[in-house]
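Q: Just dropping this structure here.
The values are calculated or read from the model by the stated rules, or taken from the named source; none is laboratory data. Quick caveat: nothing in here was measured; it's all calculated off a predicted structure. With ideal geometry, Cβ positions are generated from the backbone for all residues, glycine too; neighbour counts draw on all protein chains shown.
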């Protein structure tokens, strides 16, 4: 019951803040943030994702949405969501929200309130995701499958180069 109330308040927060983001040009990616759903990791390996995203930026910070803790991986879970659409202060999600990213990649195909909330509330110059996601969540949407990591990275580089001209 409480989880439903938390999700409801998170959805209200998302609706109110989704229009606040204004994309900016990114000349160079110094800091890249990636939000990954554990369902993606059922299809591909975390190491493969980490290696692929490391080619994009100098500093890459990846956070995983998973109900079970992964060794050596920054992660958050459903119970980290507090009231009024915010994450509890001591959680990895709350710390991730405080970061300022050049590019934020919402690397999940199935939208869940916790993933969307973290994507909306994290500050980034430009937000990127899949075309299956809500059109308002990302500034740039790439129409590939989550299993096609290399193609996603290639397309992202191509579109960022076009944007920065």
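Q: Just the residues that are within 15 Å of residue 33 (Cβ to Cβ) and either buried (at least 21 other Cβ atoms within 10 Å of the Cβ) or under 11 Å from the mean Cα position of the chain (by Cα) (or both), please, taken from region 117-134.
A: Residues satisfying the conditions are 117, 118, 119, 120, 121, 122, 123, 124, 126, 127, 128, 129.
Q: If I ask for residues that are closer than 19 Å to residue 101 by Cα and in a loop (DSSP other than H, G, I, E, B), which ones from region 114-149 would you list?
A: Hits for region 114-149 are 122, 136, 137, 138, 139.
Q: Next up: State yes or no: is residue 64 under 24 Å from residue 141 (Cβ atoms) and not in a strand (DSSP E or B)?
A: No: the conditions fail for residue 64.
Q: Tell me, which residue of region 83-108 that is in contact with a helix residue (DSSP H, G or I) (Cβ under 7 Å, 6 or more places away or on another chain) and either assigned to a loop (DSSP other than H, G, I, E, B) or modelled with pLDDT under 90 (or both) is farthest from residue 161 (Cα to Cα)?
A: My answer is 83.
Q: Just the residues that are farther than 24 Å from residue 144 by Cβ and either surrounded by fewer than 13 Cβ atoms within 10 Å (Cβ to Cβ) or touching a helix residue (DSSP H, G or I) at 6+ places or on another chain (Cβ under 6 Å) (or both), please, taken from region 34-74.
A: 58, 67, 68, 69, 70, 71, 72, 74 - these are the residues of region 34-74 that are farther than 24 Å from residue 144 by Cβ and either surrounded by fewer than 13 Cβ atoms within 10 Å (Cβ to Cβ) or touching a helix residue (DSSP H, G or I) at 6+ places or on another chain (Cβ under 6 Å) (or both).
Q: Another question, if that's okay. Looking at region 31-48, which of its residues are part of a helix (DSSP H, G or I), touching a residue at least 40 places away in the same chain (Cβ under 8 Å) and farther than 21 Å from residue 97 by Cβ?
A: Residues satisfying the conditions are 39, 48.
Q: Quick check on residue 91: is it without any contact (Cβ under 8 Å) to a residue 40 or more places away in the chain and surrounded by fewer than 21 Cβ atoms within 10 Å (Cβ to Cβ)?
A: Values: without any contact (Cβ under 8 Å) to a residue 40 or more places away in the chain: yes; surrounded by fewer than 21 Cβ atoms within 10 Å (Cβ to Cβ): yes.
For residue 91, the condition - without any contact (Cβ under 8 Å) to a residue 40 or more places away in the chain and surrounded by fewer than 21 Cβ atoms within 10 Å (Cβ to Cβ) - is met.
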